[in-house]
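**Q** Right, I'll just put the structure down here and ask away after.
The values are calculated or read from the model by the stated rules, or taken from the named source; none is laboratory data. Since the model is a prediction, treat every value here as computed from it, not as a measurement. Reconstructed Cβ throughout: ideal geometry from the backbone, glycine too, with neighbour counts over all protein chains shown. Side chains are part of the model used for accessible areas, which takes the heavy atoms of the whole protein and leaves out ligands, DNA and RNA. Shrake-Rupley method; radii C 1.70, N 1.55, O 1.52, S 1.80 Å.
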Amino acid sequence: MPAAAEPGKFKRFAGWLWRTPLARMVHFAVLLLAFSMLAGAIGSALHIPSNSLKTMDANLASTVLAVLPCVLAYWMSARLIEHRKVDELSWRKSPQLLWGVLGALVLFALLTAQLWVAGVYRITGYGDAPLWILFLLTAVTPGITEEIVSRGILFRLTEEGLGTWIALAVSALFFGFMHAFNPGATVWSSVAISIEAGLLFGLLYHVTRSLWWCIGLHAGWNFVQGAVLGIPVSGIRVDGLFDSQLQGPDWLDGGGFGAEASVLTVLTCGIVSLLLLRRILRTRSAIAPFWKRERRTDARIAALR
């Protein structure tokens, strides 16, 4: 009997290992790599030019090839490996995309007003880049891909294993320092993005359990900042609807990285993050690490998957 039980124990252990949050991150990474290679091969075979912010070139086909691998890898990870519905990207929640965009518009309008009052931001002329190209470059691709990776995979699965607070820290730092190699980036600019965007988007996902909200806020933020106001997006200069200039001390205007490294941006987004944090604390929705949680917490996690 003991010998016969060994295969059963190994099978259960292997099944558990296959479904751990870390293993599911690896599954997603492998699928993303495979689909990205396939998309690259298709693009080369069809001679589809790549999108480029440097040359301000973009086309719909290249954008689809950039976004689709991430979406497919995420969907397949959820459906075939996690055996769940992708509720955080369900079509019934898609109107929340517009709420996210609207939130970004209001948030960046408040920030720009502060920069203008402080004498840091001023409009110097008008740009001539087509807005639809800027929309594809600054909003669609980073909004979808970065939110799926940072919130849909890293935050969600880390929260499932290590709890909400560790997931917030890990995903925020990852999101901030993935911009560390952008033009004009410094340690401070990476820390600033970790605080103002990484924490904000993580808290928003926890509260709403919707990637649509996060994608809308992220895409809207980039589009309003770069395509409309002509402010560098994470250090990348954009020929927007308006030509603008940021001029002042680095701590105030963000230096060569742009407004996202400004103390005003950190404070403005930090206030919104505190409001979301207050809601989490009031509703007691934070998930504890696996070594501290109770059975009812595990049941709640299962309901979220």
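**Q** State, to one decimal in nm, how far the label point of Leu46 lies from the label point of Val106, with both points 7 Å from Cα in the Cβ direction.
**A** Label at Leu46, label at Val106, 3.9 nm between them.
**Q** Given a cut-off of under 8 Å on Cα pairs at least six residues apart, what relative contact order in percent is computed for the stretch 64-201? Each step should come with its number before you reach the end.
**A** Details: 76 pairs, mean separation 24.1, N = 138.
Contact order relative to length: 17 percent.
**Q** From the phi of every residue in the stretch 227-244, what ³J(HN,Hα) in whole Hz does the Karplus formula 6.51 cos²θ - 1.76 cosθ + 1.60 yield, where θ is phi - 60° and glycine or proline is x?
**A** With the stated coefficients, the stretch 227-244 comes to 5, 8, 8, x, 8, x, 9, 6, x, 8, 6, 10, 7, x, 4, 10, 8, 9 Hz.
**Q** Under a cut-off of 20 Å between alpha-carbon atoms, report the aspartates and glutamates in cross-link reach of Lys85, not counting same-chain residues fewer than 8 places apart.
**A** Within the straight-line limit of under 20 Å, Lys85 reaches these aspartates and glutamates: Glu147, Glu159, Glu160, Asp298.
**Q** Further question: If you line up the long axis of helix 21-45 against the longest principal axis of the chain, both from Cα atoms, how many degrees apart are they, to the nearest 10?
**A** Roughly 60 degrees between the two axes.
**Q** Cβ under 14 Å from Trp132's Cβ, Trp132 left aside: what net charge do those residues give with Lys, Arg +1 and Asp, Glu -1?
**A** Details: positive: none; negative: Asp57, Asp128, Asp239.
In short, -3.
**Q** Once you put a point 7 Å from the Cα of Trp91 and another 7 Å from the Cα of Ala180, both along the Cβ direction, what distance in nm separates them?
**A** 4.2
**Q** What label, among (i) 13; (ii) 22; (iii) 39, belongs to percent of Cα pairs over 36 Å apart computed from the structure on display?
**A** Of the labelled values, this structure produces (ii).
**Q** So what's the net charge close to Leu107: Lys and Arg +1, Asp and Glu -1, counting the other residues with Cβ under 14 Å from its Cβ?
**A** Values: positive: none; negative: Glu196, Glu260.
It works out to a net charge of -2.
**Q** Ordered by residue, what ³J(HN,Hα) values in Hz, to whole numbers, does the stretch 73-89 give under the Karplus form 6.51 cos²θ - 1.76 cosθ + 1.60, where θ = phi - 60° and Gly and Pro are x?
**A** 4, 5, 5, 5, 4, 5, 6, 8, 9, 8, 6, 9, 7, 8, 5, 5, 10
**Q** Moving to a separate point now. Given an 8 Å cut-off on Cα distances and at least 6 residues of separation, report the relative contact order of the chain as a percent. Before the final figure, lay out each step's value.
**A** Values: 463 pairs, mean separation 65.2, N = 305.
For the chain, the relative contact order is 21 percent.
**Q** Quick one: grab the alpha carbon gyration tensor of the stretch 161-237, order the square roots of its eigenvalues as a ≥ b ≥ c, and give me rounded if a/c is under 1.5, else prolate or oblate depending on whether a/b is larger than b/c.
**A** Here the stretch 161-237 falls in the oblate category.
**Q** With no solvent and one equal point scatterer per Cα, compute the Debye intensity ratio I(q)/I(0) for the stretch 119-218 at 0.12, 0.13 Å⁻¹ and report its log10, rounded to two decimals.
**A** Computed log10 I(q)/I(0) values: -0.46, -0.53.
**Q** Carbon and sulfur: what percent of the stretch 192-244's accessible surface (1.4 Å probe)? Could the numbers behind the result be given before it?
**A** On the way: 880 of 1240 Å².
Solvent-exposed carbon and sulfur of the stretch 192-244 make up 71 percent of the total.
**Q** Could I ask something else about it? Amide H neighbours of Ser244 under 5 Å, counting only residues 5+ apart in sequence or on other chains, H built in-plane at 1.01 Å?
**A** When sequence neighbours closer than 5 places are left aside, the close amide H contacts are Thr124.
**Q** Just need the relative contact order of the stretch 19-97 here, percent rounded to a whole number, with Cα pairs under 8 Å and 6+ apart.
**A** Numbers: 51 pairs, mean separation 27.0, N = 79.
So the answer I get is 34 percent.
**Q** Which of Tyr205, Ala139, Gly125 sits farthest toward the positive end of the charge dipole of the chain, with +1 on the Cβ of Lys and Arg and -1 on the Cβ of Asp and Glu?
**A** Of the candidates, Tyr205 comes out farthest on the positive side.
**Q** Also: For a quick check: with amide H placed at 1.01 Å from N, whose amide H comes under 5 Å from Asp57's, ignoring anything fewer than 5 positions away on the same chain?
**A** Amide H to amide H, under 5 Å and 5 or more residues apart or across chains, Asp57 pairs with Ser52.
**Q** Another question, then. Along the Cα→Cβ direction, 7 angstrom out, place labels at Met56 and Arg278. What is the inter-label distance in nm?
**A** With each label point 7 Å from Cα toward Cβ, the separation is 4.2 nm.
**Q** If you don't mind, there's one more thing I want to ask. Under a 1.4 Å probe, what is the accessible area of the chain per residue, stated in Å²?
**A** Computed with neighbouring chains in place, this is 52 Å² per residue.
**Q** Return the calculated 222 nm mean residue ellipticity for the chain, to the nearest 500 deg cm²/dmol, obtained by summing -39500 (n - 2.57) across DSSP H runs with n ≥ 4 and dividing by the residue count. Intermediate results must be reported in sequence, preceding the final value.
**A** Details: 14 runs with 177 residues, N = 305.
The helix-only estimate for the chain comes to -18500 deg cm²/dmol at 222 nm.
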